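The values are calculated or read from the model by the stated rules, or taken from the named source; none is laboratory data. Every value quoted in this text rests on a predicted model; they were computed, and no experiment measured them. Note that each Cβ is placed from the backbone with ideal geometry, even for glycine, and that neighbours are counted across all protein chains shown.
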Amino acid sequence: MKNIDKKKQIASDWFKKLQVLICSELESIEKKYGKKHSKFKAVRWNRDKKGSDNLGGGEMRLLRGKVFEKAGVNTSTVFGKLSKNLSGKIPGTDKNIEFWASGISLVIHPYSPKIPAIHMNTRFIVTQKSWFGGGIDITPTDKNSKESKKIANFFHAELKKTCDFYKIGCYEKYKKWCDEYFFLPHRNESRGLGGIFFDYLNSDVWNEDMEFVKNIGKTFTKTYKSIVNDTAKLSWNDNDKKLQNFRRSRYVEFNLLYDRGTKFGLETDGNIEAIFMSLPPSASW
């Protein structure tokens, strides 16, 4: 793979830069709408255990505020050898189990039931092959309300612009993939109101793929900021809060049973706190 070390550096540098940008924007929203200026707490972690072939690490950033009850923005760059369970199941690992992976993952659980929860992650993975993956999806408390559907329409319109700028027609493909991926078969229902999801992205024009991944991060930052500004001051009641905790239970079920990122993190000796960062601060069944 040509210039792969340079590509690794560019990708990992971007994920770190995006983490700083997103955390700064979320802190500014906390300052604007919260009663106090809550800030992210950063914790660095590493996988450099004595005698281990798995190295690297990352940085967890967690905010617990008045607007965002729990917001986690994590970056990691890890490398080493895959477990036997993953060998051959990931492209480029049939004959060699060495891997390298870098990415950013965030999940935001707002305090107000009127502000939708949101998830975004993008990553670059290298084995004997290399590719990008990721996605972004939104989960309002009441999926059937007019307010939520209006938010979702705006959200999807912005994602379509980003996808069309990269490649006409890919939005429909990635939206369908997202609808199929973020689905709970045991409940026969979707987790939220969708977004986009993609994996194994390698068009053979690396710079264009990288730019697409960067634009997803920028679209998240701009779009979610607008959504929060429109919903932060909306009034809500106890029934709204009960429904929010019910919706969060579905979030828990998906992330523990089906989420690829959770499974990959556990199989590659990841940081358990970072892996479970996506879980909400409370939920009810």
| query | Of the residues in the stretch 225-276, how many are buried (at least 18 other Cβ atoms within 10 Å of the Cβ) and among the aromatic types (F, W, Y)? | reply | 3
| said: For the condition at pLDDT 90 or above and over 16 Å from the mean Cα position of the chain (by Cα), what is the one hit in L279, L243? | reply: L243
| field | Selection within the stretch 166-210 - surrounded by 14 or more Cβ atoms within 10 Å (Cβ to Cβ), in contact (Cβ under 8 Å) with a residue 24 or more places away in the chain and of a type in the set (D, E) | value | D199, D209
| query | Hey, among G72, G65, which residue is within 30 Å of P113 (Cα to Cα) and out of contact with any strand residue (DSSP E or B) (no Cβ under 6 Å at 6 or more places or on another chain)? | reply | G65
| note | Residue hits (the stretch 253-281; in contact with a helix residue (DSSP H, G or I) (Cβ under 9 Å, 6 or more places away or on another chain) and among the aliphatic types (A, V, I, L, M)) are L256, L266, I272, A274, I275, L279
| query | Is there any pair linking a residue in the stretch 59-74 that is closer than 20 Å to R47 by Cα to one that is of a type in the set (K, R) and crowded, with 20+ Cβ neighbours inside 10 Å, with Cβ under 6 Å and at least six apart or on different chains, and which? | reply | V73/R61
| task | Identify the single condition in (1) assigned to a helix (DSSP H, G or I); (2) closer than 18 Å to K222 by Cβ that C178 does not satisfy, given that it satisfies every other one. | result | (2)
| query | If K160 satisfies every condition in (1) modelled with pLDDT of 95 or more; (2) surrounded by 19 or more Cβ atoms within 10 Å (Cβ to Cβ) but one, which is the exception? | reply | (2)
| field | Residues of the stretch 67-96 satisfying the condition of being buried (at least 16 other Cβ atoms within 10 Å of the Cβ) and basic (K, R) | value | K70, K81
| request: Taking the options K41, K8, K17, name whichever one is modelled with pLDDT of 95 or more and surrounded by 15 or more Cβ atoms within 10 Å (Cβ to Cβ). | output: K8
| said: Just to be sure I understand, how many residues within the stretch 163-183 are touching a strand residue (DSSP E or B) at 6+ places or on another chain (Cβ under 6 Å) and among the hydrophobic types (A, V, I, L, M, F, W, C)? | reply: 4
